[in-house]
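The values are calculated or read from the model by the stated rules, or taken from the named source; none is laboratory data. Bear in mind the structure is a predicted one, so any value in this text is a computation, not a measurement. Neighbour counts run over all protein chains shown; Cβ positions are idealised from the backbone, glycine included.
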Amino acid sequence: MSNKKNASSVNSISKTSLLEDSKEHSFVIYEDFVDSAQLNSFPERSFTIVLLDHCSGDCHTNANTYKVESKQVFIHLPDEKIVWDLRRNSFGRRLLINNILMESFTLPIRHTFSSANDYISLNLDTDAYQKLSTEFNAIKKEIESSLVFPELINARARLIALIVHLLISHRYGQKVVNHNSLPHKFHALVDRHYKTEKSVAFYANELCITPNYLGILCRKQYNMSPLAFIHERILLDAKKLLHSTNMSIKEIAYSLGYENLAYFSSLFRSHTGIGPKEYRKLMQKIN
C-alpha cells in the first residue's frame, strides 16, 4: 500500500512543512509511521490520535497491555507513558494535537481525551475506519498543499476528535458517561447556568449534596475542582467569542455575567497564561 511505501518521506515532509512561516500557527502535526520508535517519540503537551492501518504487536501502558491489530484507533494523553512494540511490516498514521487546541474542544470531548476515560483503544468496523481514514488523508493533503489554512487543519482535527469521542461513547455507553450520575448532572447544570450562577454552593444545593461532596465527585470524575470546572466552561465560551466575533472584551465579559472587566481579564489570564486581548491577537494570527 502507498501508506507504507511513502511513510518515511511523508513523515519528513509533514514535519518540515509545519516549520514554514505560513504553517507555523497550526496546532496539528500529521505523521505516517512504520515502526515503534516513531510512536514512542512525541512532543510534550500533545494529545495523540493513532490510526493503525495494518499493525500487529502490543501497546503497554502503566495499567494495561493492549493487543495491537489493524483498523484500531488509540488515544495517547500527554502525561501518560505508553510503550509501543509493533511487529515488522506494521504501519499507520497519527495526529499530534497541541494542548492549546484541545482546550478549545467541548467538555464532553475533553473528558474522552482525559485520564477520567479508561477506554483509550477501539477496534473499528469498516465504516468507522473509512471515516477516520478519509479525515486523516484530508489533513495530510492540507498540510502538504502550497497554500495552507491552519484553521482548516485545526477544524479537521476537531472533527476527528469528535468522531473518536462519538465512537467510544457509542461503543461503551454508560461506562464512559453515566448520564444519571451526579457528576454528569453537575455538568448539565453548569451548561445551563454558568452565565448567571458561578458559586459551587448553588450547584451543590441543586444536586441536594454538600459543596464538599461535590468537590470529591468532581475531582474523581473530571480531575478538577467544581469551581475550576465552572471556570473552564466560562472560558470555553470566552475563547469562542474572542475568536469568532467582533464583540469587545467588555461586551464578552458582560455576556458571561461579569460586570467587572478587570476581574474577568484576571480570571482569563490565570487559566490561560495570557489576557483576553493577547488571546484574540494570537487567534487572528492563526487565521
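Where in segment 190-270 are there helices (runs of 4 or more DSSP H), lying wholly inside it, with at least 2 residues that are under 25 Å from Met283 (Cβ atoms)?
In segment 190-270, 226-244, 249-255 are the helices (runs of 4 or more DSSP H) which contain 2 or more residues that are under 25 Å from Met283 (Cβ atoms).
What do you reckon, is Glu103 surrounded by fewer than 16 Cβ atoms within 10 Å (Cβ to Cβ), of a type in the set (D, E, K, R) and touching a residue at least 60 places away in the same chain (Cβ under 8 Å)?
Judged against the criteria, Glu103 is a match.
Output the residue which, of all residues in segment 127-143 that are in contact (Cβ under 8 Å) with a residue 12 or more places away in the chain and farther than 15 Å from Arg158 by Cα, is surrounded by the most Cβ atoms within 10 Å (Cβ to Cβ).
Ile143
Hey, among the residues in segment 198-227 that are under 21 Å from Leu267 (Cβ atoms) and charged (D, E, K, R), which one's surrounded by the most Cβ atoms within 10 Å (Cβ to Cβ)?
Once the filter is applied, the top-ranked residue is Lys198.
Checking the condition farther than 26 Å from Phe268 by Cα, surrounded by fewer than 19 Cβ atoms within 10 Å (Cβ to Cβ), among the aliphatic types (A, V, I, L, M) and in contact (Cβ under 8 Å) with a residue 40 or more places away in the chain, which residue from Leu147, Leu95, Leu166, Leu124 passes?
Going through Leu147, Leu95, Leu166, Leu124 in turn, just one is farther than 26 Å from Phe268 by Cα, surrounded by fewer than 19 Cβ atoms within 10 Å (Cβ to Cβ), among the aliphatic types (A, V, I, L, M) and in contact (Cβ under 8 Å) with a residue 40 or more places away in the chain: Leu147.
Quick check, is Lys131 closer than 25 Å to Cys55 by Cβ, part of a helix (DSSP H, G or I) and out of contact with any helix residue (DSSP H, G or I) (no Cβ under 9 Å at 6 or more places or on another chain)?
no
Looking at the structure I just gave you, is Lys141 at pLDDT 95 or above, within 22 Å of Asp53 (Cβ to Cβ), more than 19 Å from the chain's Cα centre (by Cα) and not β-branched (Val, Ile, Thr)?
Here the answer is no, as Lys141 does not meet what is asked.
With respect to Arg158, is the statement that it is surrounded by 20 or more Cβ atoms within 10 Å (Cβ to Cβ) and assigned to a helix (DSSP H, G or I) true?
no
Determine which member of the set Tyr222, Tyr258, Tyr213 is touching a Phe, Trp or Tyr at 6+ places or on another chain (Cβ under 7 Å) and either modelled with pLDDT of 90 or more or farther than 29 Å from Asn154 by Cα (or both).
The match here is Tyr258.
Out of all the residues in segment 60-76, which are touching a residue at least 40 places away in the same chain (Cβ under 8 Å) and either closer than 9 Å to Ile120 by Cβ or loosely packed, with under 14 Cβ neighbours inside 10 Å (or both)?
Thr61, Tyr66, Phe74, Ile75, His76
Please go through (1) under 20 Å from the mean Cα position of the chain (by Cα); (2) at positive phi for Leu52 and return the number of the only condition it doesn't satisfy.
The one condition Leu52 does not meet is (2).
Would it be correct to say that Ile230 is crowded, with 19+ Cβ neighbours inside 10 Å, closer than 30 Å to Leu152 by Cβ and touching a Ser or Thr at 6+ places or on another chain (Cβ under 9 Å)?
The answer is no for Ile230.
So, Lys239, is that one crowded, with 16+ Cβ neighbours inside 10 Å and either under 20 Å from the mean Cα position of the chain (by Cα) or under 30 Å from Phe74 (Cβ atoms) (or both) or not?
yes
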